[in-house]
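Nothing in this text is a laboratory measurement; each read-out follows from the coordinates by a stated rule. Everything numeric in this text was worked out from a predicted model, so none of it was measured. Backbone-built Cβ (ideal geometry, glycine too); neighbour counts: all protein chains shown.
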Amino acid sequence: MFFIRKRVTTTSQSSTGRNLTFHDNYSGNDMTRSQFVREIKNGNYPRYSVRKINNVDTPVSKPDKTINNNLD
C-alpha cells in the first residue's frame, strides 16, 4: 500500500477544539494559527483555505476526494 505523508498536521488544540499550532511535514516548519493563515493567504498552501469561524480566521482544508490534506 502506498501512503502519502500529509503536508500539514495539527500539533495542538484549545479546550474547545480550535486548532492552535501546525507542523509542515515537508519543510519541518512549526506555525501558529495566525502564521498558517498568513501563509495560506500568501498562496503558499494552495490545498488549504481560510474561513471565519466565530469571527476568527481559521485554516481549513479545501474539500476534495483526498484525505492527504485534511487537518487532524
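Compute the distance in nm between two label points, each set 7 Å from the Cα along the Cα-to-Cβ direction, one at LYS41 and one at THR16.
My value for the distance between the label points is 2.0 nm.
Note the full-extension length gain between LYS52 and ASP30 as 0.36 nm times their separation in residues minus their Cα-Cα distance, in nm to one decimal.
Working: separation 22, 0.36 × 22 = 7.92 nm, distance 2.20 nm.
Here the answer is 5.7 nm.
Please list the three semi-axes, largest first and in whole Å, of the ellipsoid equivalent to the range 1-63, using sqrt of 5 times the eigenvalues of its alpha carbon gyration tensor.
Details: eigenvalues 75, 39, 28 Å².
Output for the range 1-63: semi-axes of 19, 14, 12 Å.
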